[in-house]
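Heads up, the thing below is written out as structure tokens.
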Amino acid sequence: MGDFNESVVLDAIRRHTSGLSRVELAKATGLSAQTVSNITRRLLDQGVARESGKHSTGTGKPRTLLEIVPAARYAVGIHLDPAVITCILVDLLGTVVAQRSRRTPSGADTDGTVADMAASVAELLTEAGIDAERVLGLGIAAPGPIDAAAGSVVDPPELHGWGRYPLRDRLSEATGFPALLDKDVTAAVVAERWAGAARDSRNLLFFYLGTGSGMGLVVEDTVLRGVSGNAGEVGGLGAACSIHTLVDEAIALGVLGADFTVVDPADAQRGLRRLAELAAEGDRRAGGIIERLALRVGRGVCAAATLLDIDTIVFGGPAWQVLGEHMFPPIEAMVARSPFVKATHPTLVASTTLGENVAAIGAASLVLDQVLSVQPRSLLLG
């Protein structure tokens, strides 16, 4: 209960960037003044929080404000994407301190790839001048499907040769950090809640468009993961929205030449960028391909938002960074026209503010979320 109450106080301070006084913390959390005083004293002693100034209410003594110390602790995130492996270091507020990326090796040398990831983590900490003792842990975002309980990826379609690989435990052993594994779309939605455009939303849908696609979901401030950690897979919609499918369509219609034929995810990224360039230059066929993709995504998103009564829809991912400016207007219009999405409440539609590395930031945010956010399930017995 003590740890839970500390998380409640930390979460309240984090969500108010201008700072909160002890009196305001007691009101916001429902905890007693004495409990808040004891917790804030511990946080100050640990260097996780600091006094940041005074706030006058007009009567009585000005109140001392408390705020999070971003550099007190850090978290590492790794996004294993079929095209690129991204390693990121963030502070307590989810701000990126350092990052590095490299092309994902082809083939099935999984242990070698993990060794390279661990080396990247060590180099990242050295470059940033961060002691490993100040790192809370390592989060991993990977394509689905995953086995969340075992910490394994399970034959990811675009990662040939990985099979059922215990990625969480292998990376934990290689780096020395406790590790968490989640799907990339789930990590992305956690990033949006922690440091992105949806910090204040309790009901959120994140549509991730990368090498593949999927939805991350939050309902009543709870991230939906499902029985095995694979909630958000969108079946036929996901296949229809993959970069591979999009580039193949562009080649079949003669918009892209045969030299853009997809052999691996890096080829697909190259074809995607060229398709976006052609659309920007006014090529109607290229624009039509992207518009049809937007319509498929829009229909799926509107259906999911209606089903779950969502008030915030955010788009992101590496492919969205390339296509977003073309796709956003028609999708936003579809949401606005939907007779269901806005029936009883407004629905915010936005692009992520976290850039193409939203899943890597999300991987690190998994650690921050587990360690620092309120976790009601921690109060359950058994």
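At a glance:
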quantity: Rounded to 5, the percent of DSSP beta bridges in segment 199-352 classed as antiparallel; calculated: 45 percent
quantity: Cα gyration tensor category, rounded, prolate or oblate, for segment 282-368 with a/c compared to 1.5; calculated: oblate
quantity: All-pairs Cα distance distribution in segment 150-196, expressed in whole percent, bin size 10 Å; calculated: 25, 41, 32, 2
quantity: Relative pair counts by distance (%), Cα atoms of segment 2-68, 10 Å bins; calculated: 23, 59, 17, 1
quantity: Centre separation in Å (Cα based) which lies between segment 179-258 and segment 268-304; calculated: 16 Å
quantity: Calculated SAXS-style log₁₀ I(q)/I(0) at q = 0.10, 0.20, 0.21 Å⁻¹ - segment 199-352, Debye, Cα scatterers; calculated: -0.36, -1.21, -1.29
quantity: For the chain, share of DSSP beta bridges that run antiparallel, in % to the nearest 5; calculated: 65 percent
quantity: Per-pair calculated FRET efficiency, R0 = 56 Å: Ser37 and Glu291 via Cβ, rounded to 0.05; calculated: 0.45
quantity: Three-way shape label, segment 71-195, alpha-carbon gyration tensor, a/c 1.5; calculated: prolate
quantity: Inter-label distance, nm, simple model (7 Å from Cα along the C-beta direction), His160/Glu325; calculated: 3.5 nm
quantity: Label-to-label distance, nm, for residues given as Asp259 and Leu93 (7 Å Cα→Cβ offset); calculated: 4.7 nm
quantity: Sorted by Cβ neighbour density within 10 Å, fewest at the top, the residues Thr261, Thr35; calculated: Thr261, Thr35
quantity: Isotropically averaged projected area of segment 250-300, using the convex hull of Cα atoms (one quarter of hull area), nm²; calculated: 3.8 nm²
quantity: Added length on full extension, which subtracts the Cα-Cα distance from 0.36 nm per residue, Ala122 to Leu224; calculated: 33.5 nm
quantity: Förster radius 51 Å - calculated FRET efficiency between Ser18 and Arg270, Cβ distance, rounded to 0.05; calculated: 0.70
quantity: Highest average packing first - 120-130, 85-95, Cβ atoms within 10 Å; calculated: 85-95, 120-130
quantity: D (Stokes-Einstein, µm²/s), Kirkwood Cα radius, segment 56-129, 1.002 mPa s at 20 °C; calculated: 145 µm²/s
quantity: Scaled radius of gyration (Cα, divided by 2.2 N^0.38 Å) that segment 1-130 gives; calculated: 1.43
quantity: Charge sum, other residues only, whose C-beta stays under 14 Å from Lys54's C-beta, Lys/Arg counted +1 and Asp/Glu -1; calculated: +1
quantity: Set of aspartates and glutamates near Lys54 by C-alpha distance (under 18 Å), chain-local residues within fewer than 8 positions excluded; calculated: Glu24, Glu67
quantity: Of the DSSP H helices in the chain, those whose Cα atoms cover at least 18 Å axially and whose Kyte score averages -1.0 or more; calculated: 2-15, 33-46, 110-128, 265-280, 284-308, 318-337, 358-372
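Each reported figure results from applying straightforward, stated rules to the coordinates on display, with no laboratory input. Just so it is clear, the model here is predicted, and its values are computed rather than measured. Neighbour counts are summed over all protein chains in view; Cβ atoms, including those assigned to glycine, are modelled from backbone coordinates with ideal geometry.
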